[in-house]
Amino acid sequence: MNSMKFGLVLMCALSANAYGQGAEIQGGMGAAANEVPKTIAVTQTQLSAAARDAQNWLHTNGSYDQTRYFPGAQINAQNVAGLKAVFAFQTEVMESMETAPIVVDGVMYLTTSYNHVYAVDAVTGKQFWHYKHKMGPVTTFCCGPNNRGVAISGGKLFMGTLDAKLVALDARTGKLLWETEIADPEKGYSETMAPTVIENKVLIGTNGGEYGICGFVKAFDTDSGKLLWTFNTIPEKGNEGVWAVNDATGRNLHRDIAAEKAALEKDSSFYQTLGGGVWMNPAIDARTRTVFFVVGNPSPDLYGAERPGDNLYTDSMVAVDLDSGAYKWHFQYIAHDVWDLDAVSPPILLDVKDKSGRMVPAVMHGGKTGHIYVHRRDNGELIRFSEAMIPQENMWVLPTPDGARMLPGANGGVEWSPMAFNPNTRLAYALNLHQPMTYHVEAATYPGGKLWLGGAFKTIPSEKQWGRVAAVNVDTGKVAWKYDTEQPLIGGALTTAGNLVFFGEGNGLFKALDARNGKLLWHFQCGAGANAMPVSYSVRGKQYVAMGCGGNTQLDFKRGNSLFVFAL
Amino acid sequence: MMGVLALVLAARVQAQDVEAGGKKAEVCAACHGANGNSQTPTFPVLAGQTARYLSLQLRDFKEGRRKDPNMDPIVANLSRQDIYDLAAFFAAQKPIPTAFKQDDSKAAAGKAKADETLCTMCHLGGFAGQNEIPRVAGQHYEYIVKQLNDFKAKRRTNDAGNMTSVARTLSEQDIENLAQYIAGLQ
């Protein structure tokens, strides 16, 4: 609540950066050599048609539908065994890597922890330029200094920063074009997600559900950085919802609703610190002008007594109007969450069979609960939820001071890891964790910008942890096949027209499975955790696959600094 | 023009932070050592600590959320600018390894406990610290033990429930092992 603290410093830093003085650009042999040697101009037509584009990778998750399905089939189930590394690009940042590179016309843009951006030749690995964001004096963020990538439109790149700013860069030179503050980092706002761009709008959410923020999705103007609209993920009125007794799958949440109602009578001001971060890109249906995103956990994570009610729109999927940010619908998975089993993995637009067998437009989300939830796209109604992809036990036992065991653990299920959907197999591919934990609660009032969990979660040393790629039939909710891994999985999945699924593991193995049956077809040891988001693209008729391998803070997988590119 | 002027101003404000902090920190050296490299195991090493953690702790001491008989009188008259300057100064100092001699088997047990407790999810890999989450790597053994015991007994409660919850289920042996491991991360 104390935004004046760094007022002077921030003001100075902002006005300086507006003139491009505050950031560093580095390269090889003088200014001219650092430029991308071609004009970069991505049109809205290209961005809208990205799902059918077998040349470029223009969105974090491939397209506005976010299927992470690449339509190229040069690399396929028959020949993937011959896939070889073409180059490794080394960044100067040895820390958690979660980026999804953007590739346009043979030029790759990748990011690292602490908001570095590199422009690289996507065929040779030659570096064009390197931008380092000049970080403000205050940063506050959970789960590592990550960044998940840039968005591109026209000749501009857009990136959110750990100090809660949005920057626009010249894609050709890496020069800063404008910078705007999204929110106050002193209060726990920060950015690790890649923005999504459509028409004149840059859409971005915020981290901070572990710090008592008041969450949002905002739209900024691509040319000026001016704020166009804000959707608050925590409504001031009505956040108590319907006093839901059960979760989305019908299991009792063990709430003391009478006590919650009494607490709400006394004080309803907690909405200002109720959390509700948005960690991953929204999906966009341009035909109906609708934006779909999922909202994260309430603050504090584990202690619910001081935030009575359903805590809308935390742990929910939300649909808003693209042009105004106005509310359309929401669907809450867990009301009054005290386990941090929130909604993080980005929504995917697809058509599915409804209960009567008719194909209808849908939107789905892979939950930390271990279920995939499939909704009607027009009103959010739940068509089905998948069978549990990982073990569930003792749901929903309430956290205690000494710890209560429940599965899944607080990292999921499916964490921020984007799923992939292959229209040929009708399967969604979800990267799951199995990390048994005890949930501990501790009363704690709002600490003013410090980490605010209201307890802790701890792993159980006697219980083995592992990961699982689950392939789920979207029309039935049944698990078609599963592929288990020795460590919990975090990172993105990619599927291709070549009947492949690519994903990485914390032990450094980057793998390709047969999309139809989960058979392991190829693997490569990257030497550090393969926990970023794989992408595919083609240049001059040759298909490539790229994967960042810098490890992961959240699961403490071995750190590295490299991105690997593969081809036949 | 405004941009250039503002840049100069910003640079000056930042430079003054560390320099001004250095002067203000002279009084700290009696306990915390030269440049925050404490030689006394009961007083924490401040060199290389994150600026955000230091400023929040000084604020908490000043406003009574954290209590210590030595620190309370020291912070009473610190202004907000003093706090920022001091934090910037100590954050900019290089930590010198302490004389701590690790017990390898206890440290190994401590590492296993740290993994189980997910310490590095907040404290970052190698306990290097980030933002308001302190660097604990290479901190004095005695100081780490005292803090964990204080959290466990709720003598220290300015942690928003995170560390008190973590420490609640730690045994005396766990605390000893964790401190052996972390103090040895020089």
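Would you pick out the residues in the range A:109-138 that are in contact with a strand residue (DSSP E or B) (Cβ under 6 Å, 6 or more places away or on another chain), open to solvent by 10 Å² or more (accessible area, probe 1.4 Å) and in a loop (DSSP other than H, G, I, E, B)? Result: A:V123, A:G125. Within the range B:160-179, the set of residues being away from chain A (no Cβ under 11 Å), surrounded by fewer than 24 Cβ atoms within 10 Å (Cβ to Cβ) and assigned to a helix (DSSP H, G or I) comprises B:E172, B:Q173, B:D174, B:I175, B:E176, B:N177.
Among the residues of the range A:315-351, how many are hydrophobic (A, V, I, L, M, F, W, C) and assigned to a strand (DSSP E or B)?
Count: 9.
When the range A:452-495 is filtered for residues that are surrounded by 24 or more Cβ atoms within 10 Å (Cβ to Cβ), within 10 Å of another protein chain (Cβ to nearest Cβ) and assigned to a loop (DSSP other than H, G, I, E, B), the ones remaining, listed by number, are A:W452, A:L453, A:G454.
Answer with yes or no whether B:P97 is open to solvent by 20 Å² or more (accessible area, probe 1.4 Å) and more than 28 Å from B:N177 (Cβ to Cβ). Spelling it out, it is not the case that B:P97 is open to solvent by 20 Å² or more (accessible area, probe 1.4 Å) and more than 28 Å from B:N177 (Cβ to Cβ).
Taken over the range B:128-151, the residue count meeting the criterion of being crowded, with 21+ Cβ neighbours inside 10 Å, free of Cβ contacts under 8 Å to residues at least 40 places away in the same chain and either within 14 Å of another protein chain (Cβ to nearest Cβ) or within 19 Å of A:D556 (Cα to Cα) (or both) is 2.
The residue of the range A:356-373 that is nearest to A:A343 (Cα to Cα), among those that are part of a strand (DSSP E or B) and more than 18 Å from the chain's Cα centre (by Cα), is A:A362. Taking the stated definitions as given, is A:E179 assigned to a strand (DSSP E or B), over 27 Å from A:F385 (Cα atoms) and not hydrophobic (A, V, I, L, M, F, W, C)? Taking the combined requirement at face value, the residue satisfies it.
Go through A:G174, A:G277, A:G250 for me and flag whichever is in a loop (DSSP other than H, G, I, E, B), within 17 Å of the chain's Cα centre (by Cα) and not hydrophobic (A, V, I, L, M, F, W, C).
Working: A:G174 fails: within 17 Å of the chain's Cα centre (by Cα); A:G250 fails: within 17 Å of the chain's Cα centre (by Cα).
Residue meeting the stated conditions: A:G277.
For beta carbons closer than 6 Å, sequence separation of 6+ or different chains, a first residue in the range B:113-126 that is more than 7 Å from chain A (Cβ to nearest Cβ) and within 11 Å of B:L178 (Cα to Cα) and a second that is open to solvent by 30 Å² or more (accessible area, probe 1.4 Å) and outside any helix (DSSP H, G or I), there are no qualifying pairs.
In the range A:495-540, how many residues are within 23 Å of the chain's Cα centre (by Cα) and not acidic (D, E)? Show your work before the answer.
Within the range A:495-540, the subset within 23 Å of the chain's Cα centre (by Cα) is A:495-496, A:500-513, A:515, A:526, A:528-537.
Still in the running and not acidic (D, E): A:495-496, A:500-504, A:506-513, A:515, A:526, A:528-537.
Residues flagged as within 23 Å of the chain's Cα centre (by Cα) and not acidic (D, E) within the range A:495-540 amount to 27.
Considering A:A51, A:A77, the condition of being open to solvent by 30 Å² or more (accessible area, probe 1.4 Å), among the small types (G, A, S), at pLDDT 95 or above and under 30 Å from the mean Cα position of the chain (by Cα) is satisfied by A:A51 alone.
In the range A:424-451, what residues are in a loop (DSSP other than H, G, I, E, B) and among the aliphatic types (A, V, I, L, M)? Result: A:A443, A:A444, A:L451.
Taken over the range B:33-43, the residue count meeting the criterion of being out of contact with any Lys or Arg (no Cβ under 8 Å at 6 or more places or on another chain) and open to solvent by 20 Å² or more (accessible area, probe 1.4 Å) is 5. Residue check: A:A50 meets all listed conditions (1) in contact with a strand residue (DSSP E or B) (Cβ under 6 Å, 6 or more places away or on another chain); (2) free of Cβ contacts under 8 Å to residues at least 24 places away in the same chain but one, namely (1).
The values are calculated or read from the model by the stated rules, or taken from the named source; none is laboratory data. Keep in mind it's a predicted model, so treat the numbers as computed, not measured. Cβ sites come from the backbone with ideal geometry, for glycine too, and all protein chains shown count toward neighbours. The accessibility values were calculated without ligands, DNA or RNA, using every heavy atom of the protein model including side chains. Shrake-Rupley method; radii C 1.70, N 1.55, O 1.52, S 1.80 Å.
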